[in-house]
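Asker: My questions will all concern the structure given below.
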Amino acid sequence: MSDVAALARVDKAVVSRVVNDDKVLSIRPETRERVHAAIRQLGYRRNMAARSLRTARTGTLGLFIPDFANPVYAEIITGAEAEALARGCVLMVGTSTAGGRAAKDYLEVLGEGRVDGLLLAGGPITWAEQETLSSLGIPWLLVNRRGRTTARHVILDDTRAALIAVEHLLELGHERIAHVGGPAGADTARRRRAGYRKALRQHELIPDPDLDVVADYTPDGGARATTELLAGGARPTAIFVANVASAIGVLTALRTAGLSVPEDVSVIAVHDLPLADHLVPALTTVRMPLRRLGARAAELLLTTQPGDLISEVVREPIELIVRQSTGPPS
């Protein structure tokens, strides 16, 4: 930094403020350009390790997800990473499946001064996790999940997404509509189930508990739930699936049972990913703003105080993507 200051003919403090994009620094444009030219000529880079000792900040955000197998999280990670980088931070992603460690253990490790803030995405939050978060002393925010005691979350409008999906099936003429939901206790699963039931009631249809089965957000979970559903008796003419990964298993189970989609059973799922267009048949979905959710979560974490109450819903854009997996009942 001293070399840059000497070459640019300015004080070292000016170089520091230019490098750190100090908004209140008032210098002439030509002076600022001399500093940038000197930085380019000398190949100067900030020493982030030294800076963290002075500022007590690491320039790193942590994002904790249940696992990497669910492709939905890739979209959230992409949005959060882009926003973090735009604000001069890097994103570190971890999962509870790594090394068999419990979520509580992972949170304690991350809380040892390794990150400036924590984003926690997906799945139910336990009392142990809540207590650990409260004791860390660093900012944290729940992503598409809500806590048991404290309002610090940003979520998607899952109820509306479910409404849009079921309304599409109803408009096609379906009345016997099943629901392959998410894990018991998952906040996203509760919201999507609420939307499913609301859509049926708005059309004066009574939700049938025999058509509402629990799954996890994996292809295997979707396949098992569909097999259970078909073994229950009279089959549905359409299935609303709470997650696109589960829908892969739903399609497999229907094919194994000798049923054709959409001729025998229509299928629609929440979340749209590139793979949905390459399934057989191509899957009708409700596209959700996953990247926007990740970006907004990172933005809120970096621009609010640890004690601030945050209860925000990212509502737009939500879009119905009609493909070959839905059609009128035969």
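Asker: Between residues in the stretch 256-276 that are assigned by TED's automatic domain parsing to the domain that holds residue 236 and residues that are aromatic (Phe, Trp, Tyr) and at pLDDT 95 or above, which pairs lie under 6 Å by C-beta distance while being six or more apart or on different chains?
Answerer: 268/240
Asker: Still on this structure, please answer the following. Would you please list the contacts, defined by Cβ atoms under 7 Å and residues six or more apart or on different chains, that run from a residue in the stretch 194-213 that is in the same structural domain as residue 164 (by TED's automatic domain parsing) and touching a residue at least 40 places away in the same chain (Cβ under 8 Å) to a residue that is outside any loop (DSSP other than H, G, I, E, B) and surrounded by 15 or more Cβ atoms within 10 Å (Cβ to Cβ)?
Answerer: Filtered contacts from the stretch 194-213: 196/162; 196/166; 196/179; 196/240.
Asker: Considering the stretch 206-228 alone, what residues qualify as being in contact with a strand residue (DSSP E or B) (Cβ under 8 Å, 6 or more places away or on another chain) and among the hydrophobic types (A, V, I, L, M, F, W, C)?
Answerer: Selection gives 211, 213, 215, 225.
Asker: Moving on. I'd like the full set of residues that are within 12 Å of the chain's Cα centre (by Cα) and either modelled with pLDDT of 90 or more or not aliphatic (A, V, I, L, M) (or both), limited to the stretch 55-66.
Answerer: Passing the criteria: 64, 66.
Asker: Suppose we keep only residues that are basic (Lys, Arg) and closer than 22 Å to residue 227 by Cβ within the stretch 171-199. Which one would you say is nearest to the chain's Cα centre (by Cα)?
Answerer: Here is the first cut: in the stretch 171-199, the residues basic (Lys, Arg) are 176, 190-193, 197-198.
From what's left, closer than 22 Å to residue 227 by Cβ: 176, 192-193.
Values: 176: 31, 192: 15, 193: 18 Å.
Filtering first and then ranking leaves 192.
The values are calculated or read from the model by the stated rules, or taken from the named source; none is laboratory data. Source: prediction; values computed, not measured. Positions of Cβ are backbone-derived with ideal geometry, glycine not excepted, and every protein chain shown enters the neighbour counts.
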